[in-house]
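The values are calculated or read from the model by the stated rules, or taken from the named source; none is laboratory data. None of the values given here were measured: they were computed from a predicted structure. Cβ coordinates were reconstructed from backbone atoms using ideal geometry, including for glycine residues, and neighbour counts include every protein chain displayed.
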Amino acid sequence: MAQNNHYKKGFVPYALAAFLIGFVGGFSTVLGPAFVRDLDIAYNNTTWTALAQAMSTAACAPILGKVGDVIGRRRTLLLGIAVFTLGNALSALANSLVFMLVARFVVGIGTAAMGPVILAYIAMEFPPDKIAKGFSLYMLISSASVIFGPTLGGLMISSYGWRAMLWVCVAICAVTFGVCLITAGKEISPPQKLQSFDLLGAVLVLLFFSLVLCIPSFGQNFGWTSKAFLGVLIVASVSLAGLIAAEKRAVRPILPGRFMKRRAFILSVIALFLTQGLMQANMTNTIVFVNYTQGAASAVSGYAISVMYLGMSLGAVLLGPLADKFEPKRVLTGSLILTGVGCGFLYLFSATTSTLLLMASLGILGLGLGGNGTIFMKVVLSGISQQDAGAGTGTYGLFRDLSAPFGVAVFVPLFTNQITDLIASGATEASAAVQAIHLLAVAELLCVVTGIAVIFFLPKIHNKGAAACD
């Protein structure tokens, strides 16, 4: 395939879309609490507003990645921005929980359309020796754009309300769409014929992976033996069996089997779940920890997201590009060690933990996660064919987007339930929180060590191109 000498200029609309997802997404972190408070409904409903968007973002990624292969990356990008804009407009008009859930689901569809084509552009159009830098730039844009969203969103909600904040988001989306329409240029990726589209597979992918995200939430909110949880579990199991059967028969499956069977994909996804899921879990658990020990959760919540994402931005810039110069396995090991150091700092927490130590733990963890996220993309997507670019990046995006909810589902209950049990046995709140955070540190370090062991078995890809396809 001929090298695209104008790949930097062509990346502009994709970079703008990545910024849009992160910047507007940052606003959504403060939307849920304001919405449920305004409608005077139970606070725990914020979980469902976030889950509705996460479901469509993850489950629709491989489907819309495949659509991108068919209609072209430029068209899919613009379509994604349009749907993203519509979802935010519907959110601004929401007057009930159900309306808001539908609106956030639409926002997730727009995100799912943009994400795979951004990654596919980097994988297909950047020179082979610049791909890791391209993914680093993507991670930098995605992480840095989130930093100011929660703060600005909170200020707007305090002054004008959550609906006004969302209309500002809609205006940002509309301007971005116009700029991307002008700068996108001609379609680079040749559209493919819409033949034998795996419609059944698309429906089952959406159904199964949406339900997978619901399982932990249903179990924790309704009970692990409740009818609601068991019903979701049964339907998810049946849909998984149907999905496996449908994908075996499909001529062009939504989930590309030859891509998913690669050692680089399987091992990277395992390591991804063991490590990247810690990101959101540690932010939540740190806030809960400070609430129990110092009663200052509001102080921590203001900087926790910023420090974590600042660290991720630096990790993407400093560590990610090293995968173009050195064997990615070696660089990944180093970034995972940094992740472990950030988790290890949890073991130093006490009832009087200083703000500096809290920031150091989150910042170092973010530094490692930023490097991990960038290099995993390099490993998984190296050697991918033009034919599989959209479906492959969409499939990877699916599992990447599932990793954070997975971490939250595992580590937040591990921490909070341990605190509850210790308090019930007679411990003070502060003592229980310290003991629980130390247990969490040990559990997370074991996951990081396991992740490093998994990385050891990854295939070498540095300067080998197609060798990554095994």
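Observations on the structure shown:
- No other residue among 385, 361 is modelled with pLDDT of 75 or more, of a type in the set (Ser, Thr, Tyr), outside the structural domain of residue 217 (by TED's automatic domain parsing) and farther than 20 Å from residue 142 by Cα apart from 361.
- Taking the stretch 342-357 as the range and being more than 22 Å from the chain's Cα centre (by Cα) and either modelled with pLDDT of 85 or more or outside any helix (DSSP H, G or I) (or both) as the test, the residues that pass are 344, 345, 346, 347, 348, 349, 350, 351, 352, 353, 354, 357.
- Close pairs (6 angstrom Cβ cut-off, 6 or more residues apart or separate chains): farther than 12 Å from residue 433 by Cβ and not assigned by TED's automatic domain parsing to the domain that holds residue 281 in the stretch 342-356, modelled with pLDDT under 90 and of a type outside the set (D, E, K, R) anywhere: none
- For residue 225, the conditions (1) among the hydroxyl-bearing types (Ser, Thr, Tyr); (2) farther than 22 Å from residue 114 by Cβ; (3) at pLDDT below 80 are fulfilled apart from (3).
- Residue in the stretch 113-133 that is part of a helix (DSSP H, G or I), buried (at least 20 other Cβ atoms within 10 Å of the Cβ), in contact (Cβ under 8 Å) with a residue 24 or more places away in the chain and among the acidic types (Asp, Glu) present: yes
- Close pairs (6 angstrom Cβ cut-off, 6 or more residues apart or separate chains): in the same structural domain as residue 436 (by TED's automatic domain parsing) in the stretch 286-297, modelled with pLDDT under 80 and part of a loop (DSSP other than H, G, I, E, B) anywhere: 290/296
- You will find that of 334, 311, the residue that is touching a residue at least 24 places away in the same chain (Cβ under 8 Å), small (Gly, Ala, Ser), closer than 28 Å to residue 439 by Cβ and surrounded by fewer than 22 Cβ atoms within 10 Å (Cβ to Cβ) is 334 and no other.
- Where a residue in the stretch 158-170 is closer than 18 Å to residue 110 by Cβ and of a type in the set (A, V, I, L, M) and its partner, wherever it lies, is surrounded by fewer than 16 Cβ atoms within 10 Å (Cβ to Cβ) and modelled with pLDDT of 90 or more, with Cβ under 9 Å and at least six apart: 166/93
- Qualifying residue in the stretch 152-169 (condition: among the β-branched types (Val, Ile, Thr), out of contact with any Lys or Arg (no Cβ under 6 Å at 6 or more places or on another chain) and buried (at least 21 other Cβ atoms within 10 Å of the Cβ)): yes
- Test: residue 112 is in contact with a Cys (Cβ under 7 Å, 6 or more places away or on another chain) and at pLDDT 85 or above: yes
- Taking the listed residues 140, 181, the one that is over 20 Å from residue 76 (Cβ atoms), in a helix (DSSP H, G or I) and either in the same structural domain as residue 238 (by TED's automatic domain parsing) or modelled with pLDDT of 80 or more (or both) is 140, with no other qualifying.
- Tally, over the stretch 423-433, of residues that are surrounded by fewer than 21 Cβ atoms within 10 Å (Cβ to Cβ), in contact (Cβ under 8 Å) with a residue 12 or more places away in the chain and of a type outside the set (D, E, K, R): 2
- Criterion: within 30 Å of residue 415 (Cβ to Cβ) and out of contact with any Pro (no Cβ under 9 Å at 6 or more places or on another chain) - qualifying residue of 241, 236, 245: 236
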